[in-house]
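A short write-up of the structure that comes next.
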Amino acid sequence: MRSPLPLLLTLLVAACTGRSPGSNLRDGKLAPCPATPNCVSTEATDDVHRMPPIPFADAPQQAQARMAAALRAEPRMRIVEERPGYLRAEARSLVFRFVDDIDVVIDADARLIRFRSASRLGRNDWGVNRARLARVSRRAQFLHSPPS
């Protein structure tokens, strides 16, 4: 009997390097996080998944440019979609190349940057999405220069 290991490895590599499932934005709302602890969102209501949105006082275009720059400063991050008021990015892990999907909404009415970051595969990310989005949030706020 042949070992199933080569087939499993092939499926794992295909799943990890596959194309993005697309936007997690529906009617202006970010998709809810799954019950698993590998997702964070500014729209979540539970402590496991919730992160605070980023307030902004400048123009929405400037806030979006700051957020894009903050995302691009992360290692192995690439923005795969950018349109007014919305960014979608992918972050890859260093060794196994697992993909995390990041959706960012620049909410001009509420003057908030809302986001969601979730692992494409697996159950637990050991806090990677939360730590990454905390860094991105700090960086986006640091890049802000208040209007004079």
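The values are calculated or read from the model by the stated rules, or taken from the named source; none is laboratory data. These numbers come from a predicted model, not from an experiment. All Cβ positions, even for glycine, are placed from backbone atoms using ideal geometry, and neighbour counts span all protein chains on display. Just the protein is used for accessible areas: all its heavy atoms, side chains included, with ligands, DNA and RNA removed. Shrake-Rupley method; radii C 1.70, N 1.55, O 1.52, S 1.80 Å.
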Original post:
What number goes with the only condition from (1) surrounded by 14 or more Cβ atoms within 10 Å (Cβ to Cβ); (2) under 24 Å from Pro34 (Cα atoms); (3) not basic (Lys, Arg) that Ala108 does not pass?
Top reply: (2)
Original post:
Residues of the stretch 19-78 being of a type in the set (Ser, Thr, Tyr) and either surrounded by fewer than 17 Cβ atoms within 10 Å (Cβ to Cβ) or in a loop (DSSP other than H, G, I, E, B) (or both), which ones?
Top reply: Ser20, Ser23, Thr36, Thr42, Thr45
Original post:
Glu81 passes all but one of (1) open to solvent by less than 40 Å² (accessible area, probe 1.4 Å); (2) of a type outside the set (A, V, I, L, M, F, W, C); (3) part of a strand (DSSP E or B); which number fails?
Top reply: (1)
**OP:** Six or more apart or on different chains, Cβ under 7 Å: which pairs go from a residue in the stretch 117-128 that's within 14 Å of Ser41 (Cα to Cα) to one that's open to solvent by 70 Å² or more (accessible area, probe 1.4 Å)? Could you list them?
**Re:** Ser119/Phe98
Original post:
Restricting the stretch 114-126 to residues that are among the hydrophobic types (A, V, I, L, M, F, W, C) and closer than 17 Å to His49 by Cβ, which is surrounded by the fewest Cβ atoms within 10 Å (Cβ to Cβ)?
Top reply: Trp126
**OP:** Given the conditions (1) open to solvent by 30 Å² or more (accessible area, probe 1.4 Å); (2) of a type in the set (A, V, I, L, M, F, W, C); (3) within 19 Å of Thr36 (Cβ to Cβ); (4) part of a strand (DSSP E or B), report the number of the one that Ala91 does not fulfil.
**Re:** (1)
